[in-house]
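Structure first, commentary second.
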Amino acid sequence: MKEIICKGHMLLHFPGCQVYRAARLYQVPESTLRDRTRKNVAVDCHHGANTLFTTDEERKLVDHIVYMADIWYGYSLMDIQYMAWDYAISLHKPVKAKEHLSQGWMYYFLSRWEELKVVKPQCLSLSRAKSASNENIDKYFQE
């Protein structure tokens, strides 16, 4: 979105280009471009609150969570909140929480990283439990 606003703002520097036309071309609200051209709002302004971690720091956390899920060790939401709190403390970040990060932080974190999904773990079925006998396990490793 930020790139589109910047492109629309740059288009306005060409003679004969109107805010209305640039807003329609880049599908940006006209009032947004008007605020940028009148310098009511900086073109490169940041929307929303600052995040606790930088993008690179969050990427490391996400990579770890995905790696652990790939080797069949999934974390619960609370595990991730505790782990992220520990990570923030180790990076000397100002954390107000005493033990773990909040549910709100968790859901904003999940919304920023689409590759993370919350899934309910499945119970072990009775047939799978019965089929895990010593004979079947030995047969598996012999093949």
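The values are calculated or read from the model by the stated rules, or taken from the named source; none is laboratory data. Computed from a predicted structure; not experimentally measured. Cβ: placed from backbone, ideal geometry, glycine included. Neighbour counts: every protein chain shown. SASA here: full protein model, heavy atoms, side chains in, ligands and nucleic acids out. Shrake-Rupley method; radii C 1.70, N 1.55, O 1.52, S 1.80 Å.
At 0.36 nm per residue, and after removing the present C-alpha to C-alpha distance, how many nm does the segment from Val41 to Val95 gain when stretched out fully?
Numbers: separation 54, 0.36 × 54 = 19.44 nm, distance 3.00 nm.
Gain in length upon complete extension: 16.4 nm.
For Thr37, tell me the accessible area in Å² from a 1.4 Å probe, rounded to the nearest 10.
Near enough 60 Å² of accessible area.
For Ser90, tell me the accessible area in Å² from a 1.4 Å probe, rounded to the nearest 10.
We get 70 Å² for Ser90.
Residue separation times 0.36 nm, minus the C-alpha to C-alpha distance between Met78 and Arg59: what's the value? Intermediate values should be presented prior to the final figure.
Numbers: separation 19, 0.36 × 19 = 6.84 nm, distance 1.88 nm.
Extending this stretch completely gives an extra 5.0 nm.
Taking a ≥ b ≥ c as the square roots of the eigenvalues of the Cα gyration tensor of segment 81-121, is the shape rounded (a/c under 1.5), prolate (a/b larger than b/c) or oblate? The partial results should precede the final answer.
Values: a/c = 2.18, a/b = 1.95, b/c = 1.12.
It is prolate, given that a/c is not under 1.5 and a/b is the larger ratio.
Could you compute how much accessible surface Asp63 exposes when probed at 1.4 Å, giving the result in Å² to the nearest 10?
Accessible surface of Asp63 is approximately 80 Å².
Leaving ligands and nucleic acids out of the surface, order Lys96, Lys120, Lys139, Lys130 by accessible area at 1.4 Å, largest first. Walk me through the intermediate numbers first.
Working: Lys96 200, Lys120 180, Lys139 120, Lys130 145 Å².
Greatest to least solvent exposure: Lys96, Lys120, Lys130, Lys139.
Go ahead and run the numbers for FRET between Leu25 and Lys120, Cβ-Cβ distance against an R0 of 30 Å, rounding to 0.05. Display every interim value, and only then the final one.
Working: r = 45 Å, r/R0 = 1.50.
Here the calculated transfer efficiency is 0.10.
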